[in-house]
Structure formats: structure tokens, C-alpha cells
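Reading through the C-alpha cells given below for one structure.
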Amino acid sequence: MTTTESERPRTKPERPRTAPGQGLTWSLRGRGPEDVPVLADPGPPLGRPTGPATGRGVRVCVVDSGVERDHPLIGPLAGSWVVVKDAESGEITVEPTTTGDTCGHGTACAGIVRRTAPECEIHSVRVLGERFSGTGDVLMAGLRWAVEQGFDVVNLSLSTTRTRFAQELHSLADSAYFARTVIVASAHNTPVESFPWRFASVISVGSHQEDDPELHLYNPEPPVEFFGPGQNVTVPWLGGRTIRTTGNSFATPYVAGLCARVLSAHPRMTAFQLKNALYLSAANVRHTPRPSTAAGDIRDDSEN
């Protein structure tokens with residue numbers, strides 16, 4: 001694939017990325033703390049950003065069926081690409097496109113991201129065709145490309161049940177995690193094994209049925225970690241219109257938008273800090289102090 005400089009996503013200098021296996025990986029010999037300074041962001045109190053947080057400066061990539069161009073509830077995209085597989089050679093490439101959306105699913109997801117984080121940059125990578133059809137190798141190629149571009153957040157309201165892709169997806173999810181690209185992945189709508197939402201290195205999302213469209217919950221019994229509004233929600237669709245629909249697919253971009261909002265206020269947060277921020281700000285997480293002991297008392301917690 002060949003792209004012009006203006007088509008290439010920008011890499012934010014304040015969030016440096018180091019490929020796994022390079023640099024200080026297994027040990028720190030002959031060097032001390034002063035040799036490995038890290039510019040850190042402590043993150044928002046109780047997971048909620050202080051001050052305005054609209055997603056400004058955060059780059060979100062929607063890996064899906066494409067996004068309808070200039071939908072009134074989404075606006076212009078910062079970039080749009082499609083994964084193409086050659087029918088004869090089987091070669092897979094990622095190319096710039098102006099074709100928009102093939103079935104509406106990606107437009108719905110992008111609209112929820114825009115509604116949640118109105119000032120974020122939205123990019124699109126199309127891996128699905130008409131009737132929501134797609135293959136695991138095309139999905140892998142699109143997701144890998146998005147991770148390699150260093151997007152801050154990748155919304156993946158898709159999964160594959162093909163176990164032959166599980167190991168490669170797991171490795172890719174870990175690479176994204178270490179490079180501070182946050183993959184927000186939708187759980188399957190039925191109780192089946194699918195990937196990559198089951199991996200701890202992604203933020204996995206299911207849907208809740210509460211009426212509050214600004215509410216997310218933490219799941220105390222993972223592997224699904226968070227629940228967002230995804231039941232009977234209004235979303236953008238093809239032709240500049242809207243529909244009402246239900247599914248984990250539409251809870252996922254809400255959580256991706258929350259991630260963009262937090263990162264816009266705290267851009268140096270790591271992936272694990274961001275997941276903790278979602279945990280702390282979940283509506284069902286109670287913040288209670290630990291019981292204190294009397295002055296001078298000694299408590300041994302090592303024995304029951």
C-alpha cells in the first residue's frame with residue numbers, strides 16, 4: 001500500500017511507543033531510576049476527568065464496515081481505509097477509500113463514538129462487506145494495521161469464533177496494550193467462544209438495559225469487564241438517517257468514547273490506568289474506606 005504523508009495518521013509525541021522486545025525488557029542492569037525517567041499522568045480522581053474532556057486530540061479508529069461519508073451525526077472523517085484481498089493471489093492490502101459504509105454497522109458505531117467524545121478524530125478501516133460478511137484474515141489485517149498506526153483507541157465491535165486466529169489475535173492485543181493503543185472489543189451477543197474480547201489486554205464490553213445513556217457498569221465476574229448502554233439505542237444509519245437497535249456492538253463505542261474523553265484530559269495515561277479509570281467511574285463500584293484499627297494496635301492480615 002502507498003499513502004501520501006497527509007493520509008498517514010499522526011503519532012502523538014507525548015505518548016512514545018516502543019516495540020515489545022526492544023529496550024529495557026527483561027532487566028535493568030547498570031542503570032538506576034534516574035536513567036529511565038517516565039513522564040506520567042496520575043489520571044483522574046475516581047476515574048472521572050477534571051474539567052472539560054471532549055476527546056480533543058485523541059485518535060479513534062473504527063474497524064468495521066466503513067463509515068458513511070459526512071453523515072450529519074458524525075461529520076467528516078479524519079481518514080478512511082479498506083482492507084482488500086486479491087481473489088487470485090490472496091494478498092491482503094490496506095488502501096485509502098472513499099466508498100463509505102457497506103451495511104450501516106460501522107456508521108452506527110462511529111456515531112456513538114462522536115456523540116460520546118464529540119471532538120475526537122475518527123478514522124475508519126473497513127473489514128466487513130455487505131450483509132455484515134467478513135473473514136478472519138481480513139479482520140486480522142485491518143486490526144493489525146490500526147495497531148501499527150498507533151491510534152489511541154481502536155473500536156472493534158466484531159469478533160471471530162475461528163480458534164485458528166486466537167493465538168495471533170492474542171499476540172496482537174498484547175502488542176497494542178504495550179504500545180498504548182487501547183482496543184475496546186465487543187463481547188459476542190450469544191454465549192459462545194469468540195475473540196479478541198476474551199483477552200485481558202483489551203477492554204471488553206457487553207450491554208446493559210438501564211435507561212441512563214451515560215451509565216457504564218463494571219462486571220465483577222469477567223471475562224466481560226464492562227457493560228455500556230446497548231439496548232434499544234438510537235444510532236446513525238445509512239442515508240443520513242437513524243434507527244433504533246440493540247446489541248453489544250453499540251455498547252462498545254460508548255466505552256471507546258469514554259476512553260477518548262479520559263485520554264483527552266490525561267494523554268499520558270497507560271492502558272492499564274485507563275482500564276482502572278473505567279473501573280473507578282463505573283456506577284456500581286462503591287468507594288468505601290478500609291476499616292481502621294485503634295491507635296497502637298497491630299493487625300496481622302496473614303492469618304485468617
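So, Glu95, is that one surrounded by fewer than 18 Cβ atoms within 10 Å (Cβ to Cβ), acidic (Asp, Glu) and either in contact (Cβ under 8 Å) with a residue 40 or more places away in the chain or in contact with a Ser or Thr (Cβ under 9 Å, 6 or more places away or on another chain) (or both) or not?
On the way: surrounded by fewer than 18 Cβ atoms within 10 Å (Cβ to Cβ): yes; acidic (Asp, Glu): yes; either in contact (Cβ under 8 Å) with a residue 40 or more places away in the chain or in contact with a Ser or Thr (Cβ under 9 Å, 6 or more places away or on another chain) (or both): yes.
Here the answer is yes, as Glu95 does meet what is asked.
Just checking, how many residues over region 120-145 are surrounded by fewer than 24 Cβ atoms within 10 Å (Cβ to Cβ) and within 15 Å of Ala78 (Cβ to Cβ)?
2
What strands (runs of 3 or more DSSP E) lie completely within region 19-121 and have 2 or more residues being of a type in the set (A, V, I, L, M) and closer than 30 Å to Pro213 by Cβ?
Values: elements: 59-64, 79-85, 92-96.
Strands (runs of 3 or more DSSP E) meeting the threshold: 59-64.
Name the residues in region 125-184 that are assigned to a strand (DSSP E or B) and in contact with a Gly (Cβ under 8 Å, 6 or more places away or on another chain), would you? Can you show your working first?
First, pick out the residues of region 125-184 that are assigned to a strand (DSSP E or B): 125-126, 153-156, 160, 182-184.
Within region 125-184, Val125, Arg126, Thr160 meet the criteria.
Scan region 164-182 and give yes if some residue there is more than 14 Å from the chain's Cα centre (by Cα) and of a type in the set (Val, Ile, Thr), otherwise no.
no
Within region 58-75, track down each residue that is among the small types (Gly, Ala, Ser) and touching a Leu at 6+ places or on another chain (Cβ under 8 Å). Even if it seems obvious, please write down each step before you answer.
Let us first name the residues in region 58-75 that are among the small types (Gly, Ala, Ser), namely 65-66, 75.
Correct list: Ser65, Gly66.
Return the residues of region 39-74 that are open to solvent by 20 Å² or more (accessible area, probe 1.4 Å), more than 27 Å from Arg268 (Cα to Cα) and either within 20 Å of the chain's Cα centre (by Cα) or at pLDDT below 95 (or both); say none if nothing qualifies.
Listed by number, the residues that qualify are Arg69, Asp70.
Within region 185-229, restricting attention to residues that are aromatic (Phe, Trp, Tyr) and under 18 Å from Arg48 (Cα atoms), which residue is least open to solvent (accessible area, probe 1.4 Å)? Full working, then the answer.
Filtering region 185-229 for residues aromatic (Phe, Trp, Tyr) gives 195, 197, 199, 218, 226-227.
Next, only the ones that are under 18 Å from Arg48 (Cα atoms) stay: 218, 226-227.
On the way: Tyr218: 62, Phe226: 3, Phe227: 55 Å².
By that ranking, first place goes to Phe226.
From the set of residues in region 246-275 that are more than 14 Å from the chain's Cα centre (by Cα) and open to solvent by 40 Å² or more (accessible area, probe 1.4 Å), which is modelled with the lowest pLDDT?
Arg268
The values are calculated or read from the model by the stated rules, or taken from the named source; none is laboratory data. What you see is a predicted model; the values in this text were computed from it and never measured. Quick reminder, even Gly has a Cβ in these numbers, built from the backbone with ideal geometry, and neighbours come from all protein chains shown. With ligands, DNA and RNA removed, areas are computed over all heavy atoms of the protein, side chains included. Shrake-Rupley method; radii C 1.70, N 1.55, O 1.52, S 1.80 Å.
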